[in-house]
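Visitor: What follows is a structure written as structure tokens; I'll ask about it next.
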Amino acid sequence: MIMQCKNGIVGMGMKKTAACDGYASLPNTPLAEWRGGWGIVLAACAGVATSALLSYSSSLFIEPLQQEFGWSRAQIVSGNAIAALAGALCAPFTGLFVDRLGPRRLGIAAVIAMCLATAMLGLTGPQIWNWRALWVVVAIAIVLIQPSVWTAAVTSVFTHSRGFALAVTLCGASIASIIIPPLTYALIEEFGWRLAWAALGGIWALFTLPLVWFFLSSARDRERLSRAGSPASAAGRAPGRLRDSGILTLRYAKLALAGVSIAAVVVTLGVSLVPLLSSNGLTRAQAAGTASLLGLSSIGGRLAIGMLLDRKNGRFLAAVCVSLPIIGLLILIHNPGSLLAASIAVLIFGLSLGAELDIMAYLTSRYFRLENFGFLFGTMGGLIGLAAANGPLVFNASYDALHSYVPAMWAAIPICLVSATMFLILGPYPSLSPSETAT
């Protein structure tokens, strides 16, 4: 809840004092942060889950679309690449809007757009251009629902418990990965692939939109609402100059390369998991059930890494996490057809997938100024999204050409090593002034 007083806006976790007809911030402690910001984390978590709606459902539509239209797998996932390209190109601008306008209005519009775009995919016709045109509509939603919208809201109100708050927020993707594959499979089996798209979008809107509407806020949104008050009481802070943001530094380039490299592997594996496991000897039903383990594992990985980020240096944690997929890939390669081996591999992939975006958001907030977090993380998120969407395209094109995912799995191993190296050479956190680190 946000409360208005004559000196400005006050949010959840505020107590009454004479300075503002009665309200002042609670002491800046982890417990106080959670008392004041739990609703923001809940809403942001739901928003992140919505952003993963197509990531974890689209692979289950590959085989039905192949059977009905005869398209190749690469043609089908080309729609994802269209949306990712739009997201990558527009992500910095989305971040700029977040820095200046706050995430609330963007978040509400993003949820509505994403659910509508998902439902519209059931309108596709037999021509591949029609399929790709519908993904242009999806691209509009992708532009709005960037990770910077949700992470900016959380980083603006959490300092001492920022790592864990980001982890809980980004567990939305893990929750989506648990629910969406079996839900999508059941909807396709019951209603067919066309109605399954519409049902998926409608169900998700009913779940997410109320949470975002009632709870999503941030320091920037509170500042916007308090403009009628005195300038000194504004809860947020004006964005810093872009030329001073650090985006042109070598450190930012290293961090971006690390994120792009690991996203190209772990997101590709997550998006292509059902056809990958099917080609590795499992039945389609077994593959869908095993894929749901990805979410369970990623939740555990996210929460554990989130707590550790508040206590240990993130670059070392990141190097370990991005090396884990190598183990899972080797298990799959050497144990085709084994349900147990596939389950273990998926659990390992989940640990890395769970940590990937959390670490990137946290390290961006620690290595660079929070005033420009939306722009910096938005730009990085766009690059990661581009890699994540083109990764499945290359992965499935490799399958179309070689009738096996094994060569592509071998190629992913050195990419993981590149990511680990980039994290290790980032160096220690910079000594930023209180004005640069305070929320």
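The values are calculated or read from the model by the stated rules, or taken from the named source; none is laboratory data. All values reported here derive from a predicted model rather than from experimental measurement. Here the Cβ positions follow ideal geometry from the backbone for every residue, glycine too, while neighbour counts run over all protein chains shown. Ligands, DNA and RNA are stripped out before the accessible areas are found, and what is left, the full protein with its side chains, is counted by its heavy atoms. Shrake-Rupley method; radii C 1.70, N 1.55, O 1.52, S 1.80 Å.
Visitor: Could you grab the pairs with beta carbons closer than 7 Å, sequence gap of 6+ or different chains, first residue in segment 132-145 and more than 22 Å from residue 104 (Cα to Cα), second one open to solvent by 10 Å² or more (accessible area, probe 1.4 Å) and of a type in the set (S, T, N, Q)?
Guide: These pairs meet every condition: 132/78.
Visitor: Could you tell me whether segment 89-104 includes any residue that is within 17 Å of residue 208 (Cβ to Cβ), assigned to a helix (DSSP H, G or I), small (Gly, Ala, Ser) and touching a residue at least 60 places away in the same chain (Cβ under 8 Å)?
Guide: No, segment 89-104 contains no residue that is within 17 Å of residue 208 (Cβ to Cβ), assigned to a helix (DSSP H, G or I), small (Gly, Ala, Ser) and touching a residue at least 60 places away in the same chain (Cβ under 8 Å).
Visitor: Counting just the residues of segment 44-70 that are assigned to a loop (DSSP other than H, G, I, E, B) and out of contact with any helix residue (DSSP H, G or I) (no Cβ under 6 Å at 6 or more places or on another chain), which one comes out least open to solvent (accessible area, probe 1.4 Å)?
Guide: 54
For (1) under 27 Å from residue 172 (Cβ atoms); (2) modelled with pLDDT of 90 or more, each residue gets a yes or a no:
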{"site": "12", "(1), (2)": "yes, no"}
{"site": "16", "(1), (2)": "no, no"}
{"site": "21", "(1), (2)": "no, no"}
{"site": "34", "(1), (2)": "yes, no"}
{"site": "43", "(1), (2)": "yes, yes"}
{"site": "54", "(1), (2)": "yes, no"}
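Visitor: Which number in (1) open to solvent by 10 Å² or more (accessible area, probe 1.4 Å); (2) within 21 Å of residue 203 (Cα to Cα) marks the one condition that residue 107 misses?
Guide: Tallying (1) open to solvent by 10 Å² or more (accessible area, probe 1.4 Å); (2) within 21 Å of residue 203 (Cα to Cα), residue 107 fails exactly one: (1).
Visitor: Select from segment 84-104 the residues that are of a type in the set (A, V, I, L, M, F, W, C), open to solvent by less than 30 Å² (accessible area, probe 1.4 Å) and more than 15 Å from the chain's Cα centre (by Cα) and write down the one among them that is farthest from residue 388 (Cα to Cα).
Guide: Here the answer is 98.
Visitor: Across segment 84-132, what is the number of residues that are farther than 26 Å from residue 71 by Cβ, touching a Gly at 6+ places or on another chain (Cβ under 8 Å) and of a type in the set (Val, Ile, Thr)?
Guide: Of the residues in segment 84-132, 3 are farther than 26 Å from residue 71 by Cβ, touching a Gly at 6+ places or on another chain (Cβ under 8 Å) and of a type in the set (Val, Ile, Thr).
Visitor: When you go through (1) modelled with pLDDT of 85 or more; (2) surrounded by fewer than 24 Cβ atoms within 10 Å (Cβ to Cβ); (3) over 21 Å from residue 168 (Cα atoms) one by one for residue 395, which number turns out not to apply?
Guide: (2) is the only condition that residue 395 fails.
Visitor: Separate question: Please indicate, with yes or no, whether at least one residue in segment 375-385 is touching a Ser or Thr at 6+ places or on another chain (Cβ under 6 Å) and surrounded by fewer than 24 Cβ atoms within 10 Å (Cβ to Cβ).
Guide: Within segment 375-385, none of the residues are touching a Ser or Thr at 6+ places or on another chain (Cβ under 6 Å) and surrounded by fewer than 24 Cβ atoms within 10 Å (Cβ to Cβ).
Visitor: Return yes when residue 399 is among the aromatic types (Phe, Trp, Tyr), touching a residue at least 12 places away in the same chain (Cβ under 8 Å) and over 20 Å from residue 270 (Cβ atoms) and no when it is not.
Guide: For residue 399, the condition - among the aromatic types (Phe, Trp, Tyr), touching a residue at least 12 places away in the same chain (Cβ under 8 Å) and over 20 Å from residue 270 (Cβ atoms) - is not met.
Visitor: Would you pick out the residues in segment 186-210 that are in contact (Cβ under 8 Å) with a residue 60 or more places away in the chain, open to solvent by 40 Å² or more (accessible area, probe 1.4 Å) and not aromatic (Phe, Trp, Tyr)?
Guide: Result: 194, 195, 198, 209.
Visitor: Please indicate, with yes or no, whether at least one residue in segment 356-373 is touching a Cys at 6+ places or on another chain (Cβ under 6 Å) and open to solvent by less than 10 Å² (accessible area, probe 1.4 Å).
Guide: Checking segment 356-373: not a single residue is touching a Cys at 6+ places or on another chain (Cβ under 6 Å) and open to solvent by less than 10 Å² (accessible area, probe 1.4 Å).
Visitor: Still on this structure: Of the residues that sit in segment 399-425 and are assigned to a helix (DSSP H, G or I) and of a type in the set (Ser, Thr, Tyr), which one is least open to solvent (accessible area, probe 1.4 Å)?
Guide: 419
Visitor: Could you please let me know if residue 73 is more than 18 Å from the chain's Cα centre (by Cα), basic (Lys, Arg) and open to solvent by less than 30 Å² (accessible area, probe 1.4 Å)?
Guide: yes
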